[in-house]
Amino acid sequence: MAKKDNKQYVCQNCGSVYPKWQGKCDACGEWNCIEEEIIGGEGFSNFNSKRSKGRVIEFVPLSGAQEHLSRLSTGIKELDRVSGGGLVAGSVILVGGDPGIGKSTLLLQACAKIADSPNGKEVYYISGEEAIDQVRLRAKRLGLEQSPVKLASSTEIKDIVTTLEKSNAAVVVIDSIQTMYLDEVESTPGSVTQVRACSYELIKLAKRKGFTLFLVGHVTKQGAIAGPRVLEHMVDTVLYFEGERGHHFRILRAVKNRYGATDEIGVFEMQDQGLVEVENPSALFLAERQGNISGSCVFAGVEGSRPVLVEIQALVSPTSYASPKRAVVGWDSNRLSMVLAVLEARCGMNLSSQDIYLNIAGGLRISEPAADLAVAMAVISSLTNKPLPADMVIFGEIGLSGEIRAVSQPSLRLKEANKLGFASAITPPTHAKEKKSRVDINIYEIGNVQRLINWFN
Ligand code: TYD
Ligand code: MG
């Protein structure tokens, strides 16, 4: 066991431990992120057990009766979907996001809904960041002040664990894990050692008592949950709450989920009375679209199990710099470079004298390669200053030889487009089997980018 005053040097980025200080972390390659931390004598240790010998563990066959996962609905459909169909007892959910994005608001709303439900579950909201009055003020603003949520302001993990040990909690929110403190660990709150030790204590308790634990985590400028990458490994589910400043809507995205799919998103709109669920995100993302403008097209995307239509905008203009500018908001800039290279190499387009700006309207971030074709179309439309038909959607992946590849769930995309009144679509060539399930929409199947340009001209 570590001696008192034992120092160790911990990378605040990835949690690697070194006996001596060094400028660069060998594990994650980050510079200037290693800080001295003191491990107390009785400090946090996974192995401070009294037993000197281990017990023999029992092995079982792979088949056998499964434990039934009971799920508790939060009353917020979008949150239920992202968490895989409701909260699993004893599971731990880490909610990350920029300051001010709405994490506390979302969790307070969820707590109130669960506490208000007829089966009267006990719900605890422990704030280390805000005073009781501030949380009350928010509850009042949200119209939730009558809800039987148990509220406390504390940062001492020992007090929290002792209190919860005696409770009958079903859901516990810790807002935020970076403010929590375990006094055996002699480093500041928010440091990797402290966050890890506090989380470990809370997670152990959640598993033993069978309550669902929400940990709120701050996000660094680089977008990772602050300090402890290690924390992501300790929890069952990691959700990111994101949104662009100046836009009202917020996306809740699962990046890890032991109890469900990870590509699901939940869409919310931040209003004066809190977060409101958005059942039809496509209509919201397309609300401000103006038809008949060059450089704009509608991409029929899929996020998790749900189709989402978004507008992709490109602006191509002659450059006044030595090297042309490429700026992307909401999409991968490497992917844009690839699409542009394919257009140049396979179609002979000259883009080297053009600045190119690409924007996913509304602030959604998309990662599907299926957006390639829509991006290419937006660029071509802006370059030629010719608008696309306003009632057309596009999807398809572009390969390096210029071929347009099939993407997943084409009929789901087309159905959504049809529902929103789109009359035509550009798609990759599809198999006959897919065609049967098609909806009433005019489809142009295009096999490569050269043909796309011919079709457009
Ligand atoms: P908050 O939940 O405190 O964010 P986080 O916990 O992620 O830091 O959200 C604060 C922001 O949300 C703040 O800028 C005000 C805004 N807001 C609304 O627009 N409407 C509301 O009803 C509430 C409670 C907050
Ligand atoms: Mg907060």
Self-check item: Efficiency of FRET between Thr384 and Asp272 - r from beta-carbon atoms, R0 56 angstrom, step 0.05
Solution: 0.80
Self-check item: Whether the range 373-457 is rounded, prolate or oblate, judged on the alpha carbon gyration tensor where a/c under 1.5 counts as rounded
Solution: oblate
Quiz item: Which of the peptides 150-159, 165-174, 317-326, 300-309 is most tightly packed, and how do the rest follow, judged by the mean count of other Cβ atoms within 10 Å per residue?
Solution: 300-309, 165-174, 150-159, 317-326
Practice problem: Can you put Val135, Val393 in order of Cβ neighbours within 10 angstrom, beginning with the fewest? | Solution: Val135, Val393
Practice problem: Check the cysteines of the chain one by one and keep only those with no other cysteine Cβ under 4.7 Å from their own. | Solution: Cys33, Cys111, Cys198, Cys297, Cys347
Quiz item: Rounded if a/c is under 1.5, else prolate if a/b beats b/c, else oblate: with a ≥ b ≥ c from the C-alpha gyration tensor eigenvalues square-rooted, which is the range 121-230?
Solution: oblate
Practice problem: Indicate the gyration tensor shape class of the range 72-279 (rounded, prolate or oblate), computed on the Cα atoms with a ≥ b ≥ c the square roots of the eigenvalues: a/c under 1.5 is rounded; otherwise a/b larger than b/c is prolate and the rest oblate. | Solution: rounded
Quiz item: So how much slack lies between Ala283 and Ala131, counting 0.36 nm per residue of separation and subtracting their Cα-Cα distance, in nm?
Solution: 50.9 nm
Practice problem: Among DSSP beta bridges lying fully in the chain, give the percent that are antiparallel, nearest 5. | Solution: 55
Exercise. Would you kindly derive the ³J(HN,Hα) couplings of the range 196-213 from the backbone phi angles with the Karplus curve 6.51 cos²θ - 1.76 cosθ + 1.60 (θ = phi - 60°), listing them in order in whole Hz, with x for Gly and Pro?
Key: 5, 5, 5, 4, 4, 4, 5, 5, 4, 5, 4, 5, 6, 8, x, 9, 8, 10
Quiz item: For the chain, what is the mean residue ellipticity at 222 nm derived from helices alone (per DSSP H run of n ≥ 4: -39500 (n - 2.57); sum divided by total residues; nearest 500 deg cm²/dmol)?
Solution: -7500 deg cm²/dmol
Self-check item: Order by protection proxy (mean Cβ within 10 Å, highest first), peptides 106-117, 251-262
Solution: 106-117, 251-262
Quiz item: Between the range 327-392 and the range 251-317, how many Å separate their Cα centres?
Solution: 18
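Every number in this text was worked out from the coordinates using simple rules, so none of it is lab data. In this text, all values refer to a predicted model and were calculated from it rather than measured experimentally. Positions of Cβ are generated from backbone atoms using ideal geometry, with glycine treated the same way; all protein chains shown enter the neighbour counts.
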